[in-house]
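Asker: The structure follows.
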């Protein structure tokens, strides 16, 4: 079984798009997480400030890092369901029966 040249080109383009999305989201998560860890290491006084009684900046930022990870995951799943999977299916259907 050989894959037609056009399908190969489309698969490579789709793989590049998936890699770009995955690398971008991974770098964003690393930046958020290690930025938060750097604040813990070097700016404890800032993180200890109270926003409202019982809620410090550190607790709020920690929760936001967790929420950001959920949002990045949601974005990736949505992109995969709406862009990647349909494109992959279309490439497979354009190939014809084996």
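Asker: Taking Cα atoms, how many degrees apart are the long axis of helix 85-95 and the longest axis of the chain, rounded to 10 and kept between 0 and 90?
Answerer: So the helix axis and the longest Cα principal axis differ by about 10 degrees.
Asker: Could you tell me which label, among (1) 65, 22, 14; (2) 50, 37, 22; (3) 45, 33, 22, carries the value of Cα extents along the principal axes in Å calculated for this structure?
Answerer: Given (1) 65, 22, 14; (2) 50, 37, 22; (3) 45, 33, 22, the structure-derived one carries the label (1).
Asker: Another one. Defining a contact as two alpha carbons under 8 Å apart and six or more residues distant in sequence, what relative contact order in percent does segment 19-93 show?
Answerer: On the way: 29 pairs, mean separation 20.4, N = 75.
The normalised contact order for segment 19-93 reaches 27 percent.
Asker: Let me ask you something else. Mind checking the angle between helix 57-79 and the chain's longest principal axis? C-alpha axes, 0 to 90 degrees, to the nearest 10.
Answerer: 10
Asker: Still on this model: Which angle between 0 and 90 degrees, to the nearest 10, do you get for helix 5-42 versus the longest principal axis of the chain when only C-alpha atoms count?
Answerer: It works out to around 10 degrees.
Asker: Let me ask another. Given a Förster distance of 35 Å, report the FRET efficiency between residue 88 and residue 64 from their Cβ-Cβ distance, rounded to the nearest 0.05. Please list the in-between numbers first.
Answerer: Numbers: r = 34 Å, r/R0 = 0.96.
Efficiency at R0 = 35 Å is approximately 0.55.
A short reminder: the numbers here are calculations on the coordinates, not readings from a lab. A quick note: this is a predicted structure, and the numbers were derived from the prediction, not measured. Neighbour counts run over all protein chains shown; Cβ positions are idealised from the backbone, glycine included.
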